[in-house]
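Here is the structure we will look at, set down as structure tokens.
The values are calculated or read from the model by the stated rules, or taken from the named source; none is laboratory data. Owing to the predicted nature of the structure, the values given are computational and were not obtained by experimental measurement. All Cβ positions, even for glycine, are placed from backbone atoms using ideal geometry, and neighbour counts span all protein chains on display. We work out accessible area using only protein heavy atoms, side chains counted, and drop any ligands, DNA or RNA first. Shrake-Rupley method; radii C 1.70, N 1.55, O 1.52, S 1.80 Å.
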Amino acid sequence: METLKFYINGEWVEPNQAQTLEVINPATEQSCGRIALGNEQDVNAAVAAAKAAFPAFSQTSREERIALLEKILTGLAARKDDLAEAITAEMGAPAWLSKMAQSAMGAAHFNETLQLLKDYEFESNRGSTRLRKEPIGVCALITPWNWPLNQIACKVAPALAAGCTMVLKPSEIAPFDAAIFTEVLHEAGVPAGVFNMVNGDGPGVGAPLSSHPDVDMVSFTGSTRAGRLISKAAADDIKRVSLELGGKSANIILPTANLEKAVSKGVQSMMMNSGQSCNAPSRMLVPAEKHAEAVEIAKQTAEGLAVNDPHAEGVYLGPVSSDVQFEKIQGLIQKGIDEGAELVVGGTGKPEGLDQGYYVKPTVFANANNQMTIAREEIFGPVLTMIPYASVEEAVDIANDTPYGLSGYVYGETVEEAAGIANQLRTGNVHLNGSGADTKGPFGGYKQSGNGREWGEFGLEEFLEVKAVFGANS
Ligand SMILES: NC(=O)c1ccc[n+]([C@@H]2O[C@H](COP(=O)([O-])OP(=O)(O)OC[C@H]3O[C@@H](n4cnc5c(N)ncnc54)[C@H](O)[C@@H]3O)[C@@H](O)[C@H]2O)c1
């Protein structure tokens with residue numbers, strides 16, 4: 001694919017400069033296309049278009065915006081295979097995962113927002129005051145490569161539903177799903193200037209977007225490192241900044257849990273998407289007396305997960321997204337070995353027979369402690385760290401002893417028992433007994449995992465300002 005133009009004010013326009021970037025397919029290490037890299041002038045043009053479109057779009061009716069979301073959903077359904085193929089080529093997710101989850105989640109968030117918009121209360125009364133929830137304005141949306149379409153949909157759907165206008169800067173590592181998504185929006189008839197898309201890297205496009213005086217809000221998903229820079233860049237104009245950042249989520253397996261089920265499910269969730277999920281259960285906390293048994297189950301489960309070409313039959317893990325990620329993960333696996341964690345399965349180097357492509361062996365460390373680097377840093381690869389605990393109180397302490405606070409996982413005999421532990425975790429969400437996430441949400445983190453909430457009602461409200469009209473109801 002090639003995306004050598006930007007989408008500004010309802011049309012594909014030439015970039016301000018001629019710089020391009022090769023997008024690398026991580027399964028082949030070969031180019032799978034090119035994008036143009038934008039600069040500050042492109043950002044200025046896109047923000048000006050979004051600013052000019054805001055007065056009219058912010059006044060559109062609920063019905064008009066419902067009709068728009070419905071058309072977008074139709075377009076996403078028509079292009080779902082193209083979207084899935086683009087995601088597999090650009091970031092390496094197995095074809096089945098791109099189709100069933102990566103691409104499907106994009107549509108799911110649009111659908112969730114559409115249903116919500118049908119009867120969301122934009123106006124209500126508090127005594128003599130009328131409360132109005134109004135679109136916040138021009139939004140900068142900056143997204144990562146790991147669940148690329150999902151992250152875009154989590155922002156664009158509520159921003160449109162709220163009546164905001166926007167500039168999207170997708171990840172330069174995985175930009176092609178965003179180009180197809182932009183075509184869908186164009187064909188759905190999104191009015192000119194309401195949605196704009198500029199490709200580029202963090203310093204070239206992300207930074208000028210975050211500090212642009214005409215941007216009212218920045219919604220960012222990505223690393224805690226970039227989240228910090230964006231918060232600083234946005235501070236001078238007191239923009240609202242909504243951050244969805246990294247994680248190091250604990251998976252507490254209680255002494256009462258069915259060990260076989262809990263451990264195997266935990267390993268599978270960790271290795272899904274090659275471990276490149278912000279909410280991956282990367283620290284598995286197991287009762288010390290069951291540690292040896294749990295390690296054996298984890299080993300067998302990890303050995304049963306096929307690493308292979310994303311299009312191969314039976315593949316569970318494709319490659320990781322880039323050479324940078326590959327090297328980072330290799331370094332952290334080595335660190336785990338050097339710091340004395342027990343390597344149960346996997347390790348450094350590529351899996352046998354997969355010399356080309358950024359493939360990583362599904363790796364399990366055991367007998368680790370929570371001070372080790374592999375227990376503290378977000379690895380963002382298929383690497384699980386198992387930590388024994390002596391008591392449930394200690395397990396909760398270990399789970400909370402991290403700068404992050406995105407997700408938690410608790411497995412017990414009953415949901416009630418697990419829920420009691422969930423209440424003690426300092427995280428934005430908790431999964432009980434292997435339950436999946438629910439797009440009614442909300443999804444977001446405590447502590448350095450961010451300050452925003454996406455999905456459903458809470459996700460919509462990130463894009464709304466609250467106005468009190470005193471005396472309107474007297
Ligand atoms: N909490 C969540 O909901 C969630 C979801 C998915 C991913 N993530 C996190 O995302 C990270 C992986 O994604 P990544 O490697 O693409 O992250 P990243 O921070 O390197 O990049 C994310 C986006 O920010 C841009 N960017 C980079 N530096 C910037 C700057 N100074 N100013 C403005 N924009 C800048 C990038 O170009 C990209 O579009 C992980 O840490 C993961 O945990 C979080």
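Any chance segment 49-66 includes a residue that's in contact with a strand residue (DSSP E or B) (Cβ under 9 Å, 6 or more places away or on another chain) and on the phi > 0 side of the Ramachandran plot?
First pass over segment 49-66, keeping only residues in contact with a strand residue (DSSP E or B) (Cβ under 9 Å, 6 or more places away or on another chain): 49-54, 57-58.
Still in the running and on the phi > 0 side of the Ramachandran plot: none.
So far as segment 49-66 goes, no, none of its residues is in contact with a strand residue (DSSP E or B) (Cβ under 9 Å, 6 or more places away or on another chain) and on the phi > 0 side of the Ramachandran plot.
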Could you check, for segment 51-74, whether at least one of its residues is among the hydrophobic types (A, V, I, L, M, F, W, C) and without any contact (Cβ under 8 Å) to a residue 12 or more places away in the chain? yes
Quick check on segment 279-306: of everything there that is of a type in the set (A, V, I, L, M, F, W, C) and within 26 Å of Y446 (Cα to Cα), which residue is surrounded by the fewest Cβ atoms within 10 Å (Cβ to Cβ)? L285
Against the definition (under 29 Å from E416 (Cα atoms) and within 18 Å of the chain's Cα centre (by Cα)), how does M284 come out, yes or no? no
Quick one: would you say V430 is within 16 Å of the ligand (Cβ to nearest atom) and open to solvent by 20 Å² or more (accessible area, probe 1.4 Å)? yes
Some residue of segment 117-130 being open to solvent by 30 Å² or more (accessible area, probe 1.4 Å) and in a helix (DSSP H, G or I): yes
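Which of the residues that make up segment 404-426 are of a type in the set (V, I, T) and within 14 Å of R283 (Cα to Cα)? Explain how you work it out, then say what you get.
Narrowing segment 404-426 to residues of a type in the set (V, I, T): 410, 414-415, 421.
V410 - this is the single residue of segment 404-426 that is of a type in the set (V, I, T) and within 14 Å of R283 (Cα to Cα).
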Based on this model, can you work out whether N400 counts as open to solvent by less than 30 Å² (accessible area, probe 1.4 Å) and of a type in the set (S, T, N, Q)? no
Close pairs from segment 218-247: first under 17 Å from C139 (Cα atoms), partner of a type in the set (S, T, N, Q) and near the ligand (Cβ under 7 Å from one of its atoms), Cβ under 7 Å, at least 6 apart: V218/S210; T221/T143; T221/Q151; I230/S210; A233/S210; A234/S210; E244/T221
Would you say I24 is assigned to a strand (DSSP E or B), modelled with pLDDT of 95 or more and open to solvent by less than 50 Å² (accessible area, probe 1.4 Å)? no
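For (1) touching a Leu at 6+ places or on another chain (Cβ under 9 Å); (2) within 26 Å of A390 (Cβ to Cβ); (3) in the same structural domain as S391 (by TED's automatic domain parsing), each residue gets a yes or a no:
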| position | (1), (2), (3) |
| --- | --- |
| S277 | no, no, yes |
| A288 | no, yes, yes |
| I297 | yes, yes, yes |
| G336 | yes, yes, yes |
| V345 | no, yes, yes |
| Q356 | no, no, yes |
| F365 | yes, yes, yes |
Here's a check for you: in segment 5-21, which residue that is modelled with pLDDT of 95 or more and exposed (fewer than 15 other Cβ atoms within 10 Å of the Cβ) is farthest from the chain's Cα centre (by Cα)? E14
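Here is a yes/no grid of residues against (1) surrounded by 16 or more Cβ atoms within 10 Å (Cβ to Cβ); (2) away from the ligand (no atom under 16 Å from the Cβ); (3) of a type in the set (V, I, T):
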{"site": "E342", "(1), (2), (3)": "no, yes, no"}
{"site": "Q356", "(1), (2), (3)": "no, yes, no"}
{"site": "M372", "(1), (2), (3)": "yes, yes, no"}
{"site": "I379", "(1), (2), (3)": "yes, no, yes"}
{"site": "P382", "(1), (2), (3)": "yes, no, no"}
{"site": "V396", "(1), (2), (3)": "yes, yes, yes"}
{"site": "V410", "(1), (2), (3)": "yes, yes, yes"}
Kindly list the number of the only condition in (1) at pLDDT 95 or above; (2) under 20 Å from the mean Cα position of the chain (by Cα) that fails for I238. (2)
Filtered residues of segment 442-456 (kept if open to solvent by 30 Å² or more (accessible area, probe 1.4 Å) and in contact (Cβ under 8 Å) with a residue 24 or more places away in the chain): Y446, K447, Q448, N451, R453
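Please work out if V320 is under 24 Å from S449 (Cα atoms), part of a loop (DSSP other than H, G, I, E, B) and in contact with a helix residue (DSSP H, G or I) (Cβ under 9 Å, 6 or more places away or on another chain).
Details: under 24 Å from S449 (Cα atoms): yes; part of a loop (DSSP other than H, G, I, E, B): yes; in contact with a helix residue (DSSP H, G or I) (Cβ under 9 Å, 6 or more places away or on another chain): yes.
Yes.
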Identify, from the list E64, E70, the residue that is in the same structural domain as N199 (by TED's automatic domain parsing), open to solvent by 50 Å² or more (accessible area, probe 1.4 Å) and farther than 20 Å from K133 by Cα. E70
Filter pass, G206 being within 6 Å of the ligand (Cβ to nearest atom), closer than 22 Å to A157 by Cα and modelled with pLDDT of 95 or more: yes
Could you run through segment 414-431 and say how many residues are among the β-branched types (V, I, T), in contact with a Leu (Cβ under 7 Å, 6 or more places away or on another chain) and farther than 12 Å from L254 by Cα? 1
